[in-house]
Structure formats: C-alpha cells, structure tokens
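Enquirer: Sharing a structure here in structure tokens format.
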Amino acid sequence: MIKTVIAEDDFRIAQIHEEIVNGLEGFECQAKAASAAELFDLLRTCDIKLLLLDVYMPDSMGVDLLDVIRRDYPEVDVIIISASTNTEHIKKAFRYGVYDYIIKPGSLDRLQETLQKYKAFHYNLSLASEMSQQEIDEWYSGTERTLPESPAPIYEEEPLPKGIDALTLRTVQECLKEMAEGITADEMGKQLGASRTTARRYLEFLISINKGEAKPIYGIVGRPERRYFHR
C-alpha cells in the first residue's frame, strides 16, 4: 500500500485529490495538511511513502520545504500539484528530485495518470535487482527507446499500438510472470489501478505478440473465466 499525504490548503481541492488517491488500487490517503506546520507534524508521526505537495502554502512555499524533506525524510517521494508556472519553482522542484510537476487547473486526469505510472515504476523496481540502460530510460521518462546494446524490448516494432503504453505493458508482463496460476483481467486491473477493460487490452496484446496465452477456467456456476498466463 502506498501511503500518501496531501498538502493543500484549499479543502475542496484536497478532498478531490483524496478521492482520486483512495480510488486507485494500491494507494491510501493517510491524512491531509493545510499548512507546512501540519505537514511536518505528519511527516514526523506517520509512515509516508508519497507526498502530494502544493507550492502555495499559507505559511511557506512548498518548493522551499523540499530541502528539509530530502534531508530528513529521504524515503518520501514528492509530486508537486500547483497553479504555479514559475520557471524557478519548476527548476527547484526537479533539482530536489520530485517525481512529477502537475499544473492546476485541469490536473485531475494528469494526477491519476501520474499515480498509475508511479505505482508501476515502483512495482518494477521491486522486481529487479539490476536494471539496464534501456529500462532506466523507459521507467524514468515513460517513453520507450531502442538501444543496440540493451536487451530486446517486449515489443520490437515502433511505435506501440494506440492505447498501449510501454511502461504499463512491462508492468503487466512482469506481473504475469509471477502469477503461475494465471490472472484474470479483473485481477490485473486491480494490480494496475486501472479498469478491467484496460487490463484486458494489455493482456490480449501480449497474446498477440506471443508473450502470453489465455485459458478458459470454469467457475462454480459453469461460466468460463478467461485466465491469462505468461508464455
């Protein structure tokens, strides 16, 4: 479970972000902070993995908190969500290693997409003891690159079909490898924090490139359930 704190002084926006976080499989909003002082109280007392941080806090600028967070709470990852388009704020945020910088308004779809990629990123890191340059490039940038000296990618053709993201595809394949008993599209959707339809699209794509297979499994009521296996 990715325990998350939201630092946002607008309670309406904070509530919306909380609903998005709690609506994704694998995430849980631990608490919300309306000020920098409240945030540091939470950092001291809660086991937090991810922080959604606004730049404009009533008692401090969010980007000015990053050096303290990096020094005292290095295991906490940060995603900035702010109306600030100030270049200095953006430069400072990335200088201190924020995972993403999302500009309000209209940030809700972007936030959901970023959280899904963040989950996939850390899921992949938990599976690998070593990474190739290609994997680092893909997981860091979210784009697929072909490097001659790197291992062959999952899918050799460029570009990937519409609706298939390289990072998510790799996550689905790695998850499939670990599921010796197979997995349904619904179960895979929960692993990804995505819909059943999205999960099935990736699973069926793996079948189309001979990286997966499906078998009908009959349940209690006799209706076949399609389970997917790694090939």
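The values are calculated or read from the model by the stated rules, or taken from the named source; none is laboratory data. Owing to the predicted nature of the structure, the values given are computational and were not obtained by experimental measurement. When we count neighbours, we look across all protein chains shown, and the Cβ atoms used for this are built from the backbone with ideal geometry, even at glycine.
Enquirer: Is it the case that some residue within segment 79-92 is polar (S, T, N, Q), at pLDDT below 85, part of a loop (DSSP other than H, G, I, E, B) and not assigned by TED's automatic domain parsing to the domain that holds Thr197?
Expert: The first filter runs over segment 79-92 and keeps only residues polar (S, T, N, Q), leaving 82, 84-87.
Restricting the remaining residues to those that are at pLDDT below 85 gives none.
Within segment 79-92, none of the residues are polar (S, T, N, Q), at pLDDT below 85, part of a loop (DSSP other than H, G, I, E, B) and not assigned by TED's automatic domain parsing to the domain that holds Thr197.
Enquirer: Going through Pro74, Pro105 one at a time, which residue ends up being of a type outside the set (S, T, N, Q), exposed (fewer than 12 other Cβ atoms within 10 Å of the Cβ), more than 12 Å from the chain's Cα centre (by Cα) and at pLDDT below 90?
Expert: Details: Pro74 fails: at pLDDT below 90.
That would be Pro105, the only listed residue that is of a type outside the set (S, T, N, Q), exposed (fewer than 12 other Cβ atoms within 10 Å of the Cβ), more than 12 Å from the chain's Cα centre (by Cα) and at pLDDT below 90.
Enquirer: Determine whether Leu52 is in the same structural domain as Arg110 (by TED's automatic domain parsing), surrounded by 17 or more Cβ atoms within 10 Å (Cβ to Cβ) and within 21 Å of Ile16 (Cα to Cα). It would help to see each step written out before you state the result.
Expert: Working: in the same structural domain as Arg110 (by TED's automatic domain parsing): yes; surrounded by 17 or more Cβ atoms within 10 Å (Cβ to Cβ): yes; within 21 Å of Ile16 (Cα to Cα): yes.
Criteria met by Leu52.
Enquirer: If I ask for residues that are assigned to a loop (DSSP other than H, G, I, E, B), of a type outside the set (Ser, Thr, Tyr) and more than 17 Å from Phe121 (Cβ to Cβ), which ones from segment 174-205 would you list?
Expert: Pass one, segment 174-205, residues assigned to a loop (DSSP other than H, G, I, E, B): 179-182, 184, 193-195.
Keeping just the survivors that are of a type outside the set (Ser, Thr, Tyr) gives 179-182, 193-194.
Answer for segment 174-205, where residues must be assigned to a loop (DSSP other than H, G, I, E, B), of a type outside the set (Ser, Thr, Tyr) and more than 17 Å from Phe121 (Cβ to Cβ): Met179, Ala180, Glu181, Gly182.
Enquirer: With the requirement that a residue be in contact (Cβ under 8 Å) with a residue 60 or more places away in the chain, outside any strand (DSSP E or B) and at negative phi, what does segment 24-59 give you?
Expert: Leu24, Glu25, listed by residue number.
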